[in-house]
Amino acid sequence: MNKNIYMIYGSNLSFMTKRLLESIDVYSQIGAKEKRIVIKPNLVIAGRPDEGATTHTEIVTATIEYLKDGGFNDITIAESSWVGARTEDAFHLLGYYDIAKEYDVSLIDTKRDRFRRVENHGISMEIAETALDAGFIINIPVLKGHCQTLMTHAMKNLKGLLSDKSKRDFHRYGLMKPIAALSDIIRSDLIISDGICGDLDFEEGGNPVRMDRMMAASDQFLIDAYAATLMGFSPYDIGYIKVASEWGIFSPDLSGVNIVELNRPQSSSGKPTGMAQRLAGYTAPDNACSACFASLIHALKRLDDEGLLSSLGKEKIAVGQGYKGKCPAIGSGSCCSSASVFVKGCPPKADDILAMLKKLL
Ligand code: SF4
């Protein structure tokens, strides 16, 4: 198994996407030029990416440009919004009809696709033929929270390739087993993770957290297991990852994972909003990089979820490059290495920060 996860920080999404695609050598991975390539973004609702729900459109267009430059021309964008929402509304809002015309690619609302019924692990589902017949699937999920599954990323993003009937059935079956079963059928060949500003805990957005980070990998299970730790979870906390591991589909053991950083995190210029703003009240940022600050916010959210946030003392948690050489009481990230208590990492992962905070309680 390829255990590389490529990571890049910043806000120039087109540049970042192309760097990731180059690094992972996507042309060699696809192979034959005539392969049918399916790009699967996350357009769960008609919402703007900066609200934390949907894939940034620049990532999709940069991917298409990169593929076309390499002579790959059989490209389809395939997606459907959740039950009750019209995918056309998301296509309109985010400019997908213009993209399809400008780049001469197919655009399929998978709610209107033909479906084939497939059964796996005792779960029957209708999957869009576009996905089942694809030669190479590029999955572009948003890394964000979810009110039932805690996290949604590559594996859960595949749900947009089901009929609405099967989407409803998935909820009836409790989501975790069906998502694991679907992920066993549809294996993304490449995952480009939109970790720019996913929502803290709702897939429909509203509380985005600026992370300014993207990742790429060729293993949807590995990248989901790793992504869980960036949000302050253990991979086993995410029900569908746990089920997939119990079924022997993969092992969420992250010991051999190889994080290939293509650049360094950058200072954030944005201000937290919504729930992130409330959690930021427990922090004292000074020139903090977005990914570093986001890790701290995610860790504080997990503490809040467990009802432990109010047990934190009055001391605010230092984070940011402004703390180099200073001695705050509690710090998050290697810039705070002179703090009395700190968690190392540049940026640190949310699960490590959470562990440190719990020790302080
Ligand atoms: S430890 Fe310092 S340099 Fe590293 S990500 Fe955090 S703020 Fe940025």
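The values are calculated or read from the model by the stated rules, or taken from the named source; none is laboratory data. Predicted model only: the values in this text are computed from it and were never measured. As a convention, Cβ positions derive from the backbone with ideal geometry for all residues, glycine included, and neighbour counts pool all protein chains shown. These area figures cover heavy atoms from the full protein model, side chains too; ligands, DNA and RNA do not enter into them. Shrake-Rupley method; radii C 1.70, N 1.55, O 1.52, S 1.80 Å.
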For this session: Among what's in the range 233-267 and is among the hydroxyl-bearing types (Ser, Thr, Tyr) and under 18 Å from the mean Cα position of the chain (by Cα), pick the residue that is nearest to the ligand (Cβ to nearest atom).
Result: Ser234
Seminar exercise, completed: Note on the range 306-342: residues more than 10 Å from the ligand (Cβ to nearest atom), closer than 30 Å to Thr149 by Cβ and in contact (Cβ under 8 Å) with a residue 12 or more places away in the chain are Leu308, Leu309, Ser311, Leu312, Ile317
Problem set entry | Test for Lys33: is it modelled with pLDDT under 95, surrounded by fewer than 24 Cβ atoms within 10 Å (Cβ to Cβ) and out of contact with any His (no Cβ under 9 Å at 6 or more places or on another chain) | no
Exercise. When only residues in the range 335-348 that are open to solvent by 50 Å² or more (accessible area, probe 1.4 Å) and closer than 21 Å to Ile259 by Cα count, which is nearest to the chain's Cα centre (by Cα)?
Worked result: Cys346
Exercise. Looking at the range 1-10, is at least one residue touching a strand residue (DSSP E or B) at 6+ places or on another chain (Cβ under 8 Å), within 26 Å of Asp109 (Cα to Cα) and not aliphatic (A, V, I, L, M)?
Worked result: no
Problem set entry | Residue match in the range 273-283 (condition: more than 15 Å from Lys349 (Cβ to Cβ) and either within 14 Å of the ligand (Cβ to nearest atom) or crowded, with 23+ Cβ neighbours inside 10 Å (or both)) | yes
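Do you know which residues across the range 214-229 are open to solvent by less than 10 Å² (accessible area, probe 1.4 Å) and touching a residue at least 40 places away in the same chain (Cβ under 8 Å)?
Listed by number, the residues that qualify are Met214, Met215, Ala216, Ala217, Gln220, Phe221, Leu222, Ile223, Asp224, Ala227, Ala228, Thr229.
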Problem set entry | Selection within the range 44-92 - over 16 Å from Gly206 (Cβ atoms), in a helix (DSSP H, G or I) and open to solvent by 20 Å² or more (accessible area, probe 1.4 Å) | Thr57, Glu58, Thr61, Glu65, Tyr66, Lys68, Asp69, Glu88, Asp89, His92
Exercise. Pick from the range 246-259 the residues that are open to solvent by less than 40 Å² (accessible area, probe 1.4 Å) and of a type in the set (Val, Ile, Thr): which of them is nearest to Phe221 (Cα to Cα)?
Worked result: Ile249
Exercise. Quick one: which of Asp164, Asp184, Asp169 is surrounded by fewer than 24 Cβ atoms within 10 Å (Cβ to Cβ), at pLDDT 95 or above and touching a Pro at 6+ places or on another chain (Cβ under 9 Å)?
Worked result: Asp169
